[in-house]
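No value in this document is a laboratory result; all are computed from the given coordinates. Quick caveat: nothing in here was measured; it's all calculated off a predicted structure. Backbone-built Cβ (ideal geometry, glycine too); neighbour counts: all protein chains shown.
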Amino acid sequence: MKKILYVLVIALILTACNNSTKSDQESSNDSDASNEEKYVLKLAHQYPEASLHHEYMEWFNEEVQQRSDGRLSLEIYSDAQLMPGDQEIAAILQGQIDMSHSLSSIAASFDPIWGIFDLPFLFEFDTDDPSVYIEARKKFINSENGGKKIVSMMEDKGLKVLSLSSTDMFGSPGTGNSDKKITNSDSINGLKIRTSGGSVVPDTLRTVGASGVAVSGAELTTALQQNVIDGLLTLHMYAFDNKLPIKSYTILPIVNYVMPVIISLEKFESLPKDLQEILIETGSDLEVHADKTVGEGILDVYEKFETELDVELYYPTEEEVNEWKEVTEPVWEEFENKVNGADKLIEEASEINEQYQK
């Protein structure tokens, strides 16, 4: 009897050891499978392939593929192929797409806090030294009470902001007719100016007697050529790359566009931890890459505007700039009163600007 019991105990021990080994092997196999599994994220944006917006997303895709050894990649849809730009954030939350390279003015329709970037003269600037504006904006984006605060707010709403990069400097006014060149704040009175969304920019235009007109990017060139609009607020490098038919362009920071790279928080958290880290690191590096690209290219673009596109550039005087600031000040006050948390963001931007004021 004792011998039988002994044999049974030995058998049970061997079975347990065998099951444990099998479980360890399965766990190891599962880990290997996870490391070998490939993930493709669907990203949509509304901009042409010729724009820096698209080039940056191609750069992002190349970087995440390289850093993940091919386990992670992007499937990029440009030119609003899947949906208009103002539907992208909703599509992320609904699971139709995973990511978007959006625009702060468009994001403001989702959450008005993004309208902070639409405030005129938000960051200090020097027309002779683009680095002043770029550095002031970068400090705000990296600030716990600035850009990082906005990023935190978006996570509460199901969005993970990977980057607050910008493909350009600021949005300036251009016109399709050199006779309607914009100089001081009075010169824009009565003009129809195309805007890209949000409520802050139309409010800014109203303070100077102009009217904001919503025109899609695909119809923009035709609208200018047929005088449906007199001009537009647009980014410098974007206007040049897409050869927009403008005749005058005024170097004035009316809008401070930021182009966030956004992913569904649910999708982000479903990825392996190492791929999450790669996305975060690549998003941060995109901001550095973008600032370097803009800083090195913007003065060259100014020259090419005049030599290649025959566009007349206008640099407002200090007196004209101060006049613009004074006239548009009510827009700041209204935004601060209407949007919860705006006062802290404005305070942070103002403190940063003081470091660059002469």
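The lysines whose alpha-carbon is closer than 26 Å to the alpha-carbon of residue 42, local same-chain residues fewer than 8 away aside, are 148, 157, 160, 267, 273. Semi-axes of the equivalent ellipsoid of the stretch 183-228 are 19, 14, 7 Å, computed as sqrt(5λ) over the eigenvalues of the C-alpha gyration tensor in descending order.
Site pair residue 94 and residue 36 shows an inter-label distance of 3.8 nm when each label is modelled 7 Å from Cα along Cα→Cβ. Computed on the Cα atoms alone, the convex hull of the stretch 280-333 gives a volume of 146 cubic angstrom per residue. Spin-label pair residue 65-residue 338: with each label point 7 Å from Cα along the Cα-Cβ axis, the two points sit 4.4 nm from one another. Between the helical axis of 130-142 and the dominant principal axis of the chain, each derived from Cα atoms, what acute angle in degrees is found, rounded to the nearest 10? Once rounded, one gets 40 degrees. Across the stretch 224-358, the volume of the C-alpha convex hull divided among the residues equals 203 Å³ per residue. Residue order for 98, 128, fewest other beta carbons within 10 angstrom first, comes to 128, 98.
The lysines whose alpha-carbon is closer than 25 Å to the alpha-carbon of residue 192, local same-chain residues fewer than 8 away aside, are 180, 181, 243, 247, 325.
Shape annotation for the stretch 101-177: C-alpha extents along the principal axes are 42, 29, 19 Å, from largest to smallest. Between residue 178 and residue 144, the contour length at 0.36 nm per residue exceeds the Cα-Cα span by 7.9 nm. Along the stretch 342-352 the Karplus relation, 6.51 cos²θ - 1.76 cosθ + 1.60 evaluated at θ = phi - 60°, assigns HN-Hα couplings of 5, 4, 5, 5, 5, 4, 5, 4, 5, 5, 5 Hz to successive residues, with x for each Gly and Pro. What do you get for the angle between helix 2-36 and the principal long axis of the chain? Use alpha-carbon atoms, 0 to 90 degrees, nearest ten. Helix 2-36 sits at roughly 20 degrees to that axis. Considering only DSSP beta bridges where both residues belong to the chain, give the percentage that are antiparallel (nearest 5). Beta bridges within the chain, antiparallel portion: roughly 45 percent. Other residues lying with their Cβ under 15 Å from the Cβ of residue 178 contribute a combined charge of -2, Lys and Arg counting +1, Asp and Glu -1.
Only DSSP H runs of four or more residues enter the estimate; each adds -39500 (n - 2.57), and after division by the residues of the chain the mean residue ellipticity at 222 nm equals -16500 deg cm²/dmol. Averaging the sequence gap over all C-alpha pairs within less than 8 Å and six or more residues apart, then dividing by the number of residues, gives the chain a relative contact order of 23 percent. Given the stretch 190-275, what whole percent of its Cα pairs are spread farther than 18 Å? When every Cα pair of the stretch 190-275 is considered, 53 percent fall beyond 18 Å.
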